[in-house]
Amino acid sequence: MSLKNHYYYDEETCEFIPIEYKRREQIVYNLAIWILNGVVLAGLGIIILSTKIGTPAELALEAENRALYEQLESTRSSIIDLDSKLRQIAELDNEMYRSILGMEPIPYDEREAGAGGTDPYEHFDIYNESTSALLRWTAENLDNLERQIGIQSLSFEELKNQYNNNSEAMRHIPAIKPTSGIMLSGFGMRYHPILGYNRPHNGLDFRADIGAPVYATADGVIKTASRQGTLGRIVLIDHGYGYETLYAHLSAYEDGIRAGTEVKRGQQIGKAGDSGLSEGPHLHYEIRFNGRYVDPKFYLFADTSPEEYLLFKEIAETNTKSF
């Protein structure tokens with residue numbers, strides 16, 4: 001690009017005289033024009049990109065918001081998992097701990113402890129619909145979890161006080177597993193593999209090799225240590241306070257285990273086996289309260305974690321066969 005001709009008027013000659021530019025001035029002029037055009041075009045490009053895509057700051061903020069939203073979605077999954085575990089603990093609290101200690105269960109609607117009054121989450125409404133909904137859900141469920149954990153903590157405190165106030169009686173309540181093996185079959189109607197029909201299964205079956213230790217689950221006095229029909233060698237313990245426990249299919253008794261012998265919780269009373277009508281080596285375990293069979297699963301609270309209890313519960317609900 002070159003400089004266009006410019007003229008000046010010469011009053012003496014009364015004519016227009018062309019202005020002659022030096023080479024250097026032409027180069028400076030051309031560079032100025034190119035720089036000016038470049039600046040204008042760059043400005044237009046930035047305006048278009050900012051309008052259609054966003055500024056670098058806006059793009060960074062958008063990426064940050066996406067990461068925060070994904071983190072909230074991940075937090076939602078964690079909250080759902082925590083809520084499920086807390087419900088399982090509440091179920092264990094009601095069905096096992098409070099039941100065994102003779103305490104009234106806490107109703108589940110009371111455990112929810114919902115908050116009333118004005119909407120405490122309306123400040124999230126300034127965001128777009130999906131973000132507002134996710135923030136509301138997260139805040140509300142975190143608040144619910146906090147309230148439920150507070151109620152559960154109070155419940156455990158009540159349980160501890162009840163146990164401390166009744167420590168003598170508690171030593172006579174079956175509270176541990178009778179052997180170390182996993183539970184194989186639960187309480188209720190079960191198919192007997194040898195007899196070939198469904199019949200009441202009045203206890204739990206535990207995996208136990210022949211000779212595996214069998215323990216008294218509470219303090220008490222041996223009522224019977226003898227053979228008893230299809231149950232084979234059994235030990236029947238009277239724990240007082242209305243409780244009795246029975247251990248069946250034993251292969252042998254420990255020395256001194258006979259009618260009238262006093263035993264302590266955790267004391268070995270015999271060895272597992274497959275005596276009587278049995279499909280294979282295992283331990284059959286029963287609890288009777290005031291002469292009535294009760295589900296021993298609810299009495300495994302002293303040495304059973306919540307996770308192990310839930311596993312036993314699942315086995316009891318899914319395995320329809322006794323051993």
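The values are calculated or read from the model by the stated rules, or taken from the named source; none is laboratory data. The structure presented is a predicted model; accordingly, all values stated were derived computationally and were not measured. Glycine gets a Cβ as well: all are built from the backbone with ideal geometry, and neighbour counts include every protein chain shown.
Looking only at segment 71-95, count every residue that is closer than 17 Å to Glu157 by Cβ and touching a residue at least 40 places away in the same chain (Cβ under 8 Å) and tell me the total.
Within segment 71-95, residues that are closer than 17 Å to Glu157 by Cβ and touching a residue at least 40 places away in the same chain (Cβ under 8 Å) number 5.
Quick check on this structure: which one of Tyr215, Tyr197, Tyr191 is at pLDDT 95 or above and of a type in the set (Ser, Thr, Tyr)?
On inspection, the qualifying residue turns out to be Tyr215.
Look at Gly116 and say whether it is over 30 Å from Asn165 (Cα atoms) and either buried (at least 16 other Cβ atoms within 10 Å of the Cβ) or at pLDDT below 80 (or both).
yes
Return yes or no: is Glu140 in the same structural domain as Leu82 (by TED's automatic domain parsing) and in contact with a helix residue (DSSP H, G or I) (Cβ under 9 Å, 6 or more places away or on another chain)?
Taking the combined requirement at face value, the residue does not satisfy it.
Among the residues of segment 247-260, is there at least one that is closer than 17 Å to Thr179 by Cα, touching a helix residue (DSSP H, G or I) at 6+ places or on another chain (Cβ under 6 Å), surrounded by fewer than 20 Cβ atoms within 10 Å (Cβ to Cβ) and not assigned by TED's automatic domain parsing to the domain that holds Lys160?
Scanning segment 247-260, I find no residue that is closer than 17 Å to Thr179 by Cα, touching a helix residue (DSSP H, G or I) at 6+ places or on another chain (Cβ under 6 Å), surrounded by fewer than 20 Cβ atoms within 10 Å (Cβ to Cβ) and not assigned by TED's automatic domain parsing to the domain that holds Lys160, so the answer is no.
Listed residues Ile80, Ile89; which is surrounded by 14 or more Cβ atoms within 10 Å (Cβ to Cβ), under 30 Å from Lys297 (Cβ atoms) and modelled with pLDDT of 70 or more?
Testing whether each residue is surrounded by 14 or more Cβ atoms within 10 Å (Cβ to Cβ), under 30 Å from Lys297 (Cβ atoms) and modelled with pLDDT of 70 or more leaves just Ile89.
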